[in-house]
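Participant: Take a look at this one; I'll ask things after.
The values are calculated or read from the model by the stated rules, or taken from the named source; none is laboratory data. Everything numeric in this text was worked out from a predicted model, so none of it was measured. Cβ atoms come from the backbone with ideal geometry, glycine included; neighbour counts cover every protein chain shown. Protein only, heavy atoms only, side chains kept; ligands, DNA and RNA dropped before computing areas. Shrake-Rupley method; radii C 1.70, N 1.55, O 1.52, S 1.80 Å.
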Amino acid sequence: MKDYEQMTRLLCKIVIFRFENFRCCGVRRHSMRITMSQSFLALIIFGLLWSPAFAQKMFSGDSQPPIEVGVVALTKQDIPRTYTIPGRAVAHDQAEIRPRVEGIIESIDYDPNLPIKVGDPLFILDDASKVAAVASDEAEVAAAEADLPVAQAAYDRAAKLEGSGVSVADVEQARSTLASAKATLSAAQAALDYSNVELSWTTIASPLDGFASAPNFSVGDLVTSGQSDALTTITSLDPIDVDILETSARILKVRRQAEAGILKMNDRIPASLILETGEVYKTTGSLIAPAYTVSTTTGTVALRFQFNNPEGIILPGMFVRGTVELGTINALLVPQRAATRETNGSLSALIVGDDDTAQTINFEDEGSWNNSWIVTEGIEPDTRVIVDGLKFVKAGAKIISIDATVDEDGLVQDNSDASATEE
């Protein structure tokens with residue numbers, strides 16, 4: 001309404017300007033009279049055309065012809081229920097190597113570029129003090145072994161002569177001496193065993209298969225037992241574990257859907273990965289450890305999946321996106337191109353009403369599948385959703401619906417054209 005009023009005022013100004021211009025320029029009265037008549041005639045016609053009644057008639061939906069639109073009829077179907085959620089790779093096995101005895105590093109016997117096996121030597125420490133300790137303990141064992149037969153013989157004689165020149169107290173003393181000799185031998189043997197173990201610790205070997213990081217110490221450095229700094233870190237890359245983080249709220253929702261029969265859970269829950277480059281990892285993994293606690297800072301639960309990683313593509317600490325397939329859900333698929341996200345988070349779409357007019361509906365989604373929203377409530381089956389011609393249609397407009405389909409790329413295909421081609 002404001003537009004035609006502004007146009008009318010503008011035309012009046014033009015007519016007045018022309019009238020003043022003609023009068024100032026001395027145009028002949030007859031010519032000016034004709035020009036003024038034409039201008040006022042144009043003004044009258046323009047005012048009639050742009051009157052409120054005419055404008056209302058021109059822009060009312062009743063005067064517009066029905067608009068052809070492409071529609072898709074919705075049907076319920078079993079849809080794979082998947083969630084794409086963030087995750088982070090963690091090592092299946094990882095060990096920080098620290099010395100168990102004090103010593104000076106004599107050699108470093110591994111290559112960080114090559115894989116290592118269990119038992120492969122990593123660091124060799126100076127073992128002179130440990131060799132000496134072993135020799136000393138061996139001497140103690142030998143002395144104890146020499147004393148044991150003497151104590152045994154003394155006890156045997158005392159036991160035979162008990163009551164004939166040997167008192168009970170002498171027998172008990174001999175028995176005590178024998179037991180002490182046996183204990184001394186056992187202690188010496190234990191000390192020798194521990195000395196041998198400490199001697200073996202001067203060769204620091206790998207406890208697992210994997211790859212060793214570059215050494216943090218060099219030959220000639222003095223290392224001590226239980227030091228805080230690790231000599232190196234051994235990481236096993238195959239298999240690799242991935243912690244996928246899911247919100248506790250969504251886990252509760254999934255459980256409720258499974259209990260209600262809306263969601264049919266898989267016996268085995270597989271997962272696929274999308275790497276940081278957008279590449280889909282070629283191997284699928286399986287759930288090995290569900291979490292039983294919720295993070296107090298993020299409100300998420302870490303679900304651990306395991307993947308084969310023979311080429312070492314996935315490294316610990318790498319961020320990934322995991323697509324987890326929980327099962328199947330019986331729902332409707334609403335093409336995403338037909339829906340609009342409202343400010344409150346809900347979705348809206350235009351559908352074909354009973355009187356062949358466009359109508360707006362609002363609904364909630366349960367996620368997405370390919371190029372469609374998954375909907376379990378808010379839309380009835382067989383509802384015809386408008387997917388094409390949305391730029392020219394508003395709620396309440398008369399429409400002519402044409403059956404269409406939406407392909408894998410989200411593009412609309414006219415079914416009527418396809419059927420005509422086949423005929």
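Participant: What are the semi-axes of the equivalent ellipsoid of the range 56-174, taken as the square roots of 5 times the eigenvalues of the Cα gyration tensor, listed largest first and rounded to whole Å?
Facilitator: Each semi-axis is the square root of five times an eigenvalue, giving 94, 30, 12 Å.
Participant: Separate question: Enumerate the aspartates and glutamates that LYS130 could reach by cross-link, defined here as Cα to Cα under 13 Å, with residues fewer than 8 away along the same chain left out.
Facilitator: GLU102, GLU138, ASP193, GLU198
Participant: Take every Cα-Cα distance within the range 295-423, group them into 5 Å bins from 0 onward, and report for each bin the whole-number percent of pairs it holds.
Facilitator: 2, 8, 14, 15, 15, 12, 9, 8, 6, 6, 4, 2, 0
Participant: Still on this model: Let me check something: with ligands and nucleic acids excluded, how do LEU114, LEU237 order by accessible area (1.4 Å probe), largest to smallest? If you can, show how the numbers build up before the last one.
Facilitator: Details: LEU114 95, LEU237 30 Å².
Highest to lowest solvent-accessible surface, that is LEU114, LEU237.
Participant: Just by accessible area at a 1.4 angstrom probe, what is the order of SER236, SER164 from largest to smallest?
Facilitator: Accessible-area ranking of SER236, SER164, largest first: SER164, SER236.
Participant: If I take the Cα coordinates of the range 299-369 and project them onto the principal axes, what are the three extents in Å, biggest first?
Facilitator: 62, 25, 20
Participant: Ranked from the most accessible area to the least, with a 1.4 Å probe and all protein chains present, what is the order of LEU231, LEU222?
Facilitator: Largest to smallest exposure gives the sequence LEU222, LEU231.
Participant: Let me ask another. Throw me the Rg/Rh for the range 334-380, computed over C-alpha atoms with Kirkwood Rh, two decimals. Don't skip to the end; give the middle numbers.
Facilitator: Values: Rg = 10.8 Å, Rh = 11.2 Å.
Ratio of gyration radius to Kirkwood radius for the range 334-380: 0.97.
Participant: So how exposed is LYS76, as accessible area in Å² (1.4 Å probe, rounded to 10)?
Facilitator: For LYS76, the solvent-accessible surface is approximately 110 Å².
Participant: State the Kirkwood hydrodynamic radius of the range 186-281 in Å, one decimal place, computed from all pairs of distinct Cα atoms.
Facilitator: Mean inverse Cα-Cα distance, inverted, gives 19.8 Å.
Participant: If you don't mind, there's one more thing I want to ask. Given Cα positions, please report Rg to Rh for the range 235-306, the hydrodynamic radius being the Kirkwood one.
Facilitator: Radius of gyration over Kirkwood radius for the range 235-306 works out to 1.01.
Participant: Which value, in Å², gives the accessible area per residue of the range 164-282 when a 1.4 Å probe is used on the protein heavy atoms?
Facilitator: Value for the range 164-282: 56 Å² per residue.
Participant: Related question: Using alpha carbons only, how many angstrom separate the centre of the range 171-234 from the centre of the range 355-404?
Facilitator: What the calculation gives is 75 Å, centre to centre.
Participant: May I ask you to give the solvent-accessible area per residue for the range 305-350, in square angstrom, as obtained with a 1.4 angstrom probe?
Facilitator: That works out to 44 Å² for each residue.
Participant: In whole Å and largest first, what semi-axes does the C-alpha gyration tensor of the range 60-130 yield when each eigenvalue is scaled by 5 and square-rooted?
Facilitator: Semi-axes (√(5λ), whole Å): 74, 15, 12.
Participant: What spacing in nm lies between the two simple spin-label points modelled at ALA249 and VAL197, each 7 Å away from Cα in the Cβ direction?
Facilitator: Here the modelled spin labels are 5.4 nm apart.
Participant: Taking each pair of different alpha-carbon atoms in the range 204-246 once, compute 1/r for the pair, average those values, and report the inverse of that mean as the Kirkwood hydrodynamic radius in Å to one decimal.
Facilitator: Mean inverse Cα-Cα distance, inverted, gives 13.0 Å.
Participant: Something else now. What FRET efficiency would be calculated for the residue pair PHE319, SER218, taking the C-beta separation as r and a Förster radius of 30 Å, to the nearest 0.05? Walk me through the numbers on the way to the answer.
Facilitator: On the way: r = 33 Å, r/R0 = 1.11.
For R0 = 30 Å, the calculated efficiency reads 0.35.
Participant: Nothing charged except the Cβ atoms of Lys and Arg (+1) and of Asp and Glu (-1): what's the magnitude of the dipole of the range 215-336 about its Cα centre? Round to the nearest 20 debye.
Facilitator: 720
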